[in-house]
Each structure stands twice: as structure tokens, then as C-alpha cells.
Amino acid sequence: MNRGWSLLFLALPVVVIGSFAMAAMGLSPFGRLWLPVNANQSEPGIDRLVNLLHIVVGVVLALTGLFFAAAIWRGTRGGSQPAAGWSHNTWLEVLWTLIPAAILVWLSLSQYSAWNASRRDQPLAGDGSGLPRRPLIRVVAQRFHWEFHHAGVDGVTGTADDVVRLNELVVPGDTDVVLELITRDVVHSFGVPALRLKQDIVPGLTPLVWFRMKNGDQVELVCTELCGWGHYLMQARIRAVSAETYAAGFGDGNGQGAISSTLSTSLTALTSLTALTSLTALRSSWSLRLSPEVSGD
Amino acid sequence: MIETVGPSGVIARRRLWWLFSTDHRVIGCQFLFSALLWLAVGGLLALAIRWQLAWPWTEIPVLGRWLFADNGGQITPEFYNVLFTMHATVMIFFVVIPVLSGAFGNYLIPLMIGAHDMAFPKLNMLSYWLMWPAFGLLLTSVVVAPGEGPSSGWTAYPPLSVLFSPAQGYWIGSLLLVGVASMLGAINYITTIFQMRVPGMTMLRLPMTVWGLLVTAVLQALALPVLTAALLMLLADQWLGTGFFVPAYVLNEAQPEMVPGGGDPLLWQHLFWFYSHPAVYIMILPAMGMVSDMLSCFSRKPLFGYRPMVFSMIAIAGLGFVVWGHHMFVSGMNYLLSASFAVSTMLIALPSGIKVFNWLATVWGGRLQMTAAMLFSLGFVSMFIVGGLSGIVMASPAVDIVIHDTYYIVAHFHYVLFGSSLLAVFGGIHFWFPRMFGRQMHEGLGKLHFLLTYLLLNGTFLPMHWLGLRGMPRRYADPSIVEGFRDLQPWNEFITWCAIGLGAAQLVFFANFFGSLVWGRRSGLNPWQANTLEWQAVEPDHATKVAGQVVATRVWRGPYEYSQPGRATDFWPQNEP
């Protein structure tokens with residue numbers, strides 16, 4: 001009976017490694033169980049890194065798990081042989097410090113390129129200036145919806161000709177798109193599993209994200225930082241259309257758009273109004289909290 | 001010091017024995033019983049969460065009809081957020097930390113170092129008695145405004161926690177009290193361990209349990225002031241209208257619109273994780289120490305590499321102070337900062353790995369006694385390997401982009417917190433139960449409890465890794481509402497069934513624990529033939545039938561001299577010349 005326990009402890013690494021391998025290969029009784037199919041043409045190398053790290057830790061798990069189970073198997077064999085009395089082995093200890101240290105340093109270094117590609121290497125403007133590309137769309141997060149302010153005809157976000165859409169982000173396909181993210185209230189997070197994107201939007205900061213989608217693709221955007229009761233409802237669709245379709249609806253970002261300025265102005269006014277209303281609500285909730293006696297009415 | 005008074009005195013004192021004792025053993029047991037009660041509370045909260053995730057918006061059995069009568073027994077999304085906030089708060093601050101530091105710390109430190117009690121027995125009592133007002137405040141926070149309890153997660157990120165959680169103030173108050181309780185314990189443990197060791201008990205003869213508790217106490221003493229200050233600032237933001245963390249709200253460049261503010265929400269995240277990452281080690285280092293002691297004892301073999309074990313524990317604690325930023329890889333802080341936190345996070349795997357290798361080498365060549373306590377210790381090691389390795393995966397900021405705030409993270413910290421820390425606690429309870437209550441827990445039930453817990457634990461938390469890789473976010477009241485995650489629903493149901501089974505398996509433990517208090521087989525003074533001082537008392541106390549205080553006047557050797565050649569027995573107590 002006692003020896004059976006070593007099989008239990010052997011089963012864990014076997015099941016963990018086996019099931020992860022199945023998940024990575026797409027063998028699953030229901031639902032894909034690995035990273036969703038990548039829809040980002042300029043994916044920074046995260047997929048490769050996820051696979052690499054899982055392979056490395058999988059090997060470590062296999063070795064330690066096997067050794068662990070073997071140690072228990074040996075230790076439960078019965079008989080009258082006493083336990084070993086030794087308590088250290090300098091060579092062994094130096095070895096199992098240096099080898100993991102080398103592996104960990106290698107892993108730390110080898111993961112930088114993906115991080116740099118995700119956060120540092122912003123796409124360049126196409127005009128040969130060598131400057132980073134201007135954000136095409138401003139994403140405004142608010143409990144519990146997403147607003148997308150397209151730069152409009154002038155190609156600059158935050159101006160009167162911005163074209164605003166709710167919970168559906170249309171981007172030009174097959175080209176690098178830079179988004180700037182802001183929030184009106186609490187911390188939200190711009191999470192798009194299929195694009196390998198996740199970026200918290202902390203009030204006061206304006207982080208940028210960038211990606212490139214294939215024309216015609218469609219992915220889901222979810223909020224990935226707790227923002228209140230409706231957190232789980234805060235989702236939107238991201239759709240890539242051809243450059244022409246995009247330009248017809250939202251301006252091509254180079255002053256060649258065809259959107260009527262009256263329409264866009266009224267839309268901007270509308271958003272400002274919505275924003276203002278939510279802000280007033282926020283402020284009144286603030287004053288309510290400061291003066292409890294008002295809360296009766 | 002009940003056993004030192006005469007029979008009449010004992011009777012007089014026993015009435016208030018459980019209430020206001022300053023005896024470290026009584027306080028340890030008070031922490032233990034309270035933490036077990038809170039464990040049941042936290043576990044039920046977890047089951048309610050799982051119910052909602054598997055069968056969203058259906059009536060929760062029993063509780064649903066009672067709590068949500070107006071709502072057809074269906075919980076609200078607000079209450080879902082309260083549920084996971086409370087589950088984390090209870091499990092972290094009322095179960096894992098108190099049971100490790102409070103229960104085992106109080107009970108074992110003086111006995112293991114040969115002291116007659118803690119350095120500050122009254123502070124010790126106060127530290128326990130702050131836990132109940134703290135729990136009271138936590139309960140108040142949930143009921144004070146129905147449906148509007150603290151719902152911003154245990155991380156309480158502002159502005160959400162300040163502007164949208166009216167009851168958050170009570171939650172903050174509760175944590176402040178828990179913090180003070182921990183701090184009182186910490187300074188007590190540090191003083192006791194440094195000042196009150198029996199002659200001959202050098203620092204490098206301390207059992208690993210004591211080392212784990214000492215390093216933990218230092219972590220608490222250094223990190224808690226930061227949390228306390230941050231909590232007070234959060235409270236001031238909420239109740240006094242200050243602006244430490246509440247930002248100015250800017251609509252657009254043309255129309256700056258302000259509410260009281262000007263603060264920085266990121267500052268909270270830094271301060272919070274500066275405490276809460278070391279808190280992760282606060283929740284595992286004592287468990288590592290206990291497991292080291294149990295593995296050595298039940299392998300009948302010296303602990304492999306005692307000094308590296310001690311130094312790696314100190315290294316984990318030291319590095320633990322410079323890795324907090326890995327919780328904030330996607331927060332928007334400077335990307336170079338993430339790059340450096342990634343290196344320190346990777347490096348903390350090194351001392352953790354050394355500990356694992358030393359445990360494996362301790363078991364290797366041993367003559368294993370497969371008691372329930374040993375099984376839980378082995379379970380700790382195997383779960384810690386899995387949970388530790390997934391930690392290496394998420395140490396890379398680029399990988400964190402895809403798994404941050406998903407179920408992969410949930411899987412990781414449950415492997416470490418439940419899979420490791422709680423298994424060690426169950427092992428420790430089996431191991432020290434005879435010392436605490438003079439009886440042994442039932443071995444068969446203990447093994448059954450282990451087997452069920454081990455299997456169902458993996459059934460519950462292993463699939464969460466895959467849901468996380470798919471991108472399923474944490475803290476979603478209903479992930480099935482997102483089209484992209486709908487096909488994962490069968491897995492959510494599977495996980496919930498395992499969780500229900502896991503909850504039910506704990507009934508075996510509770511039955512065993514409370515049954516053994518009454519019907520357990522009477523144990524001898526040193527049933528496991530262990531070396532450490534707590535087992536070396538000469539005679540049981542006649543009033544409580546529990547072994548009395550340690551009589552060791554001198555320590556001659558380290559705690560792990562098992563199976564030494566030339567001795568008749570395979571153990572060698574620390575106080576035997």
C-alpha cells in the first residue's frame with residue numbers, strides 16, 4: 001500500500017505535462033485550451049515565448065517529478081535497511097545552484113525581445129521621418145463600455161472632427177495601427193487575447209498599444225481590470241476593414257477623409273455630453289460621500 | 001502556565017482558560033480554532049463563486065433563497081464582486097496568515113527554542129483578540145449597506161475602491177486591525193527567538209519551522225508599516241476627501257474637468273504590492289519550515305543541506321522585497337522597470353528551486369514512514385513544484401501580457417496557497433496534534449482526506465491554467481457572456497464539480513479533527529520520535545493531559561540528527577548529550 005503513494009506523486013507530473021501538451025497541440029474534449037488563434041500580424045513573439053517557457057518548466061517538472069516519485073518508491077520498500085545518515089553533498093549543491101541559475105539568466109535575457117517589441121518598438125510613421133506613428137484612434141474606457149474616437153480627417157485624435165463609435169472598433173487592415181488609451185473613471189484594462197494585447201488604463205496615464213490585423217478579421221476586446229459590477233459586460237468588437245472602407249467612414253488620418261464635418265462635430269458634442277453627464281454623476285457621488293446628510297434625498 | 005499550579009488552582013483558572021490566557025499554547029490553539037472556522041467561511045464563499053461561474057445566474061443552493069429572496073435566489077453582479085473580495089480577504093488575512101504565524105508560530109516557537117513562553121505574553125493575547133474585532137468589521141462591511149459591500153477585490157485598486165465602494169472603509173479598518181495583530185506577533189516572535197533560546201540553541205541549530213517563522217516575522221515587521229500607511233491614505237481619500245490616490249479627472253484637453261483629486265492610482269499599486277508580495281512569502285515560508293521538519297522526521301534522515309535551506313529562505317525574503325513590480329507589468333509603469341522586475345522575479349526561482357532540490361534529497365535514501373502528516377508534506381512539495389514552475393512562466397513580462405488577470409494567475413496562486421500552504425497546515429495539524437491535545441488524529445481518515453484533497457485540488461486548479469491561456473479574465477461574474485469564452489463553459493462546470501468535491505472532502509478533516517479531540521488515541525510524549533525540543537517534555541500535565549513545558553536546560557545538537565551511526569535509536573533529541 002505504501003509503495004502505491006509514489007505512483008500518486010508520479011501521476012501529478014504525468015497528468016500536468018500530458019494535459020498541457022494536449023492543450024498546446026489542440027487536443028481537447030471541448031474548447032481550445034491554449035492561446036487563442038493569433039490575429040496580430042506583428043505579434044511580438046509572445047507565442048514563441050509562451051511555448052519556450054512551458055517546454056523549459058515542463059522538462060524541469062518531468063525531472064523533479066520522476067526523481068521525487070523514485071525517492072518515495074525507494075523509501076517505502078520496507079526491509080530493515082536503515083535510512084541514510086548523510087546530510088549534504090557540496091558538489092551536488094553547487095551543481096544544482098549553478099545550472100538553474102544559468103537557465104534562469106538565459107530565460108531572463110531571451111524574453112526581452114518580445115517585451116521590447118510589445119512596449120518599446122512603436123511602429124514608425126510611414127512618411128520616412130523616422131518618427132513614431134501617431135495614434136489613429138483614442139480608446140476611451142468608461143464603466144462599462146468602450147468608446148472609440150477615430151482621428152477623423154485631420155488625422156489627430158482629440159480634435160473636433162473625431163468620429164466616435166461605441167463598443168465597436170473599426171481599424172484599417174494590413175497596416176500598423178496605434179491606439180492611445182484613456183479612462184474617464186476607474187482603472188480599466190484593454191485586453192485582446194487574440195492580438196496578444198493587454199494594457200491597464202490608469203487615470204492620468206495615456207498608454208499606447210499597437211498591432212496589425214488582417215483585412216476582414218474580427219476579434220474580441222474585453223476589460224481585464226476589475227472596474228465594478230458590470231466589469232464582465234465591458235466588451236467590444238474589433239473589426240479590420242480595407243483602407244478604402246476605413247477612409248470612407250473615419251478619414252484616412254491624412255486629411256483625405258470624406259466624413260461630413262457637421263456630423264462628426266455633433267458626434268463629438270454628443271460624447272462630450274455623455275462624458276460630462278458621467279462626470280457629474282461621479283461628482284455628485286463624491287459630494288454624497290462627503291456629506292452623508294444629503295444622501296436622504 | 002496551567003500545569004505548574006496545583007490541582008485547585010487549575011480548576012479555578014480553567015474557567016477563563018480559553019478566553020484571556022497569556023499562555024502561548026492556549027493562544028496558539030485559539031488562533032488554530034478561529035482560523036479553522038474562518039477557513040470554513042472562506043471555503044463556502046469559494047463555492048458560491050464557483051457555483052456562479054459554472055451555472056451563471058441560477059439559484060445558489062440553500063444560501064441563495066435566504067440571501068436573495070427578492071431576486072429569485074439569484075445573486076447580483078455586485079454581490080459576486082463582494083464574494084471574491086471576501087473570499088480573498090478571509091483566506092489571506094484570516095486563514096493562511098493567522099494559522100501559520102498565529103497558530104503554529106505561537107504554539108511552536110517557545111517550545112522549539114526551549115523558552116517558557118513568548119517574550120511579551122500580553123501583547124500576544126492582544127494580537128489574538130484584535131482578530132475578532134477585525135472579523136467583526138469585515139462582517140459589518142458586507143452587511144452595512146446591503147448589496148454594496150467591499151467589491152473591489154482584495155487588491156482594492158483606487159479609484160474604484162474609493163469612489164464606488166461605500167463600505168470599503170470598514171474593510172480598511174478590518175485590515176488595519178489584522179495588520180496591528182500581525183505586527184504585535186512579529187515583534188514578539190523576533191524578540192523571543194533572538195533573546196530566549198535555551199543555552200546551546202545557536203541560530204544554526206534552530207529547526208526550520210522556527211527559521212521560517214522568524215524570517216516571516218521580519219518580513220511582516222518591515223512590510224506591514226507600508227500597507228498600514230497606504231490603507232490610512234486610502235481611508236483618508238474615501239472619508240476625508242484627500243487625494244493621495246484619487247486622480248484628477250480630465251475629459252479632454254479642451255475641457256479639463258476636475259473632481260477632488262490630483263493623486264496617483266499607481267502609487268497605491270506600488271505601496272500595496274510592496275506589502276502584498278512579501279505577504280506571499282509570509283504565507284509560504286512557515287509552511288516550508290514545517291514541511292522541512294516533517295520530511296526529515298518521517299524520512300528518518302537528516303534534512304539535506306540545512307545551511308542552504310536557511311540561506312535560501314533568507315534569500316527568498318530579501319528578493320521578495322524587490323519583485324513587487326511583477327504584479328504591475330501591464331499597469332502602464334515604465335517598461336524598463338518591468339524589465340528589471342522580470343530579472344529579480346526570475347532569480348527568486350533560484351532559492352525556491354534549491355529548497356525543492358533539498359527536499360527531494362532529504363527524501364532520497366530515507367526510510368519513509370507514510371503517515372498522514374508525511375503525505376501532506378510530500379503533497380506540499382509536489383504542488384509547490386507545479387505552482388513554482390508556473391511562476392517562472394509568468395515572470396516574463398511579455399508572457400504576462402497574455403496571462404495577466406486571467407485564470408492562469410488564479411491557478412498559479414491556488415497551487416501555491418492551497419496546494420502548498422494549506423496542505424502543509426493540514427500536515428502540521430496531524431503532526432503537532434498529539435503535542436497540542438495529547439491525542440493522535442485518525443491516520444486512516446487523515447490519509448483519505450489527503451487523497452481526496454490532492455486529487456480534487458488538481459481537478460479544480462489544473463484546468464484553470466488552460467482557461468487562463470485562452471484569455472478568460474478573473475473577476476468576471478459571467479464569462480460565458482463573452483462569445484469567445486462560451487465554449488469553455490464545460491470546463492467551468494467541471495472545475496466547480498471538483499471544487500464541490502474538494503469542499504466536501506474537508507468534512508472528513510473536520511470530522512477527524514474534532515472527533516480526535518474526544519476519541520483520538522492517547523499518544524505518548526514523543527509519538528513520532530522526533531528530535532526537536534517540543535517533544536522532549538518529561539511528563540504530561542495532569543490537568544490537561546497535554547505534555548507540559550519543555551525541561552531542556554541545554555541543547556547539544558542540531559534538530560535533524562536522525563539515523564546517526566552508533567546509536568541504538570534512529571533519533572537523537574536536541575537536548576540529549
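None of the figures in this text is laboratory data; all of them are computed from the coordinates on show. Here the structure is a predicted model, which is why all the values come from computation and not from measurement. Counting neighbours? That spans all protein chains shown, and the Cβs are built from the backbone with ideal geometry, glycine included.
Residues A:145, A:231, ranked from the fewest to the most other C-beta atoms within 10 Å, line up as A:145, A:231. Taking θ as phi - 60° and the Karplus parameters 6.51, -1.76 and 1.60, the scalar couplings of region A:204-210 work out to x, 9, 10, x, 10, 10, 9 Hz in sequence order, x denoting glycine and proline. Solvent-free Debye calculation, one equal scatterer per alpha-carbon of the protein assembly as shown: log10 I(q)/I(0) at 0.07, 0.08, 0.10 Å⁻¹ equals -0.57, -0.73, -1.10.
Here the average projected area of the convex hull drawn through the C-alpha atoms of region A:1-111 stands at 10.2 nm². All Cα-Cα separations within region A:120-187 were binned at 10 Å from zero, giving a P(r) of 21, 47, 28, 4, each value a whole percent of the pairs.
Take the convex hull of the alpha carbons in region B:420-577; its mean projected area over all directions comes to 13.5 nm². Placing unit charges on the Cβ atoms of the charged side chains and taking the dipole of chain B about its Cα centre, the candidate lying farthest along the positive direction among B:555, B:91, B:81 is B:555. Distance from the C-alpha centroid of region B:170-201 to that of region B:62-92: 33 Å, rounded to the whole angstrom.
Ordered by the count of other Cβ atoms within 10 Å of each Cβ, fewest first, A:225, B:534, A:180 give A:180, B:534, A:225. Hydrophobic, long helices, defined as DSSP H runs whose alpha-carbon span along the helix axis is 27 Å or greater and whose mean Kyte-Doolittle value is at least 1.0, occur in chain B at B:24-54, B:168-195, B:208-239, B:335-363, B:372-394. Exposure proxy shown here: for B:68, B:94, the number of other Cβ atoms within 10 Å sets the order, fewest to most, as B:68, B:94.
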